[in-house]
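First up is the structure itself, then whatever we jot down about it.
The values are calculated or read from the model by the stated rules, or taken from the named source; none is laboratory data. All of these numbers come straight from a predicted model, not from anything done at the bench. Cβ placement follows ideal geometry from the backbone for every residue including glycine, while neighbour counts extend to all protein chains displayed. The area values use the complete protein model at the heavy-atom level, side chains included, leaving out ligands, DNA and RNA. Shrake-Rupley method; radii C 1.70, N 1.55, O 1.52, S 1.80 Å.
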Amino acid sequence: SLRPYYKWTKKLFEGYLGKRVMDAGCGIGNFCELISKDVDFILAVDLSPSNLKILKQRFADNLKVKIVQLDLDNDLEAIKNDKIDTIVCLDVLEHIVNDIDMLKSFKKIIEPNGKLLVKVPACPWLYGNIDEASGHFRRYSRKMLLNNLREAGWNPLFVSYMNIFGVLPYFFKSRITKRNSNFSRTFSPWQLSLLQMIMPILQKIDRLLGPPVGQSIVVVAE
């Protein structure tokens, strides 16, 4: 489980999470579970039938979580009734051909002064076989992501690189050895266990460095 990684992401978004949250492209609900005690309502949105099945089982007893199967590329008007004040979008934009259009559609459905919390893969020069195998159309530079957000009508409030220590392993696996699989699947079980153990240490060093580069970029926009 990559729970420590989600906790790290949550820490970076501290103070910006509202009370009525849409997790856009929530997968199997790892982040939803992490924030469920801090919010009043979660709209868990995903397209994959297998993910939906897991979500329904996982949150069967949680009245705060509403699960919806939805293609984020389509009209999101139906969501307006849920009075969403925060949209969380973690590692989703890179899968979308017209990411600016999606950012515009998010703006239409969020409450006034609502927040958008985004995490995307960073550094276009890292793009390689793993990205292709993961269905990524792009990796983002800081400037590209901020420009796209502004073009879609969002005002960036906070931006940071995340996980400087992930850059070299990713470069090696994606560009040198050209592994054709999702990044997390390139780790053996013992490597994943080790990663979980050292994640809090990496997080502290990352915070101290204020990293000039990282495997991901996180942004909060209004």
- Note on the structure: Selection from segment 122-132 of residues modelled with pLDDT of 85 or more and open to solvent by 10 Å² or more (accessible area, probe 1.4 Å) yields P124, W125, Y127, E132
- Task: Would you check if F59 is aromatic (F, W, Y), touching a residue at least 40 places away in the same chain (Cβ under 8 Å) and surrounded by 13 or more Cβ atoms within 10 Å (Cβ to Cβ)?
- Result: no
- Message: With among the acidic types (D, E) and touching a helix residue (DSSP H, G or I) at 6+ places or on another chain (Cβ under 6 Å) as the only criterion, which of D99, D73 stands out?
- Response: D99
- segment 78-121: number of residues that are in contact with a Cys (Cβ under 9 Å, 6 or more places away or on another chain) and open to solvent by 20 Å² or more (accessible area, probe 1.4 Å): 1
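Being closer than 22 Å to S160 by Cα and touching a residue at least 24 places away in the same chain (Cβ under 8 Å) is the filter here; which residues of segment 11-21 pass it? Show your work before the answer.
Here is the first cut: in segment 11-21, the ones closer than 22 Å to S160 by Cα are 11-18, 21.
Matches in segment 11-21: K11, L12, F13, Y16, L17, G18, V21.
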- Query: Of the conditions (1) without any contact (Cβ under 8 Å) to a residue 40 or more places away in the chain; (2) open to solvent by less than 30 Å² (accessible area, probe 1.4 Å), M144 fails just one. Which one is it?
  - Reply: (2)
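Is it the case that some residue within segment 47-54 is in contact with a strand residue (DSSP E or B) (Cβ under 7 Å, 6 or more places away or on another chain), open to solvent by less than 60 Å² (accessible area, probe 1.4 Å) and at pLDDT 95 or above?
Yes - at least one qualifying residue is present in segment 47-54.
Could you tell me which of the residues K204, K173 is at pLDDT 65 or above, assigned to a helix (DSSP H, G or I), open to solvent by 20 Å² or more (accessible area, probe 1.4 Å) and more than 21 Å from L93 (Cβ to Cβ)?
K204
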- Task: Identify, from the list F183, F158, the residue that is among the hydrophobic types (A, V, I, L, M, F, W, C), surrounded by 14 or more Cβ atoms within 10 Å (Cβ to Cβ) and at pLDDT below 50.
- Result: F183
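V39 - would you say it is free of Cβ contacts under 8 Å to residues at least 60 places away in the same chain and more than 25 Å from Y127 (Cβ to Cβ)?
The answer is yes for V39.
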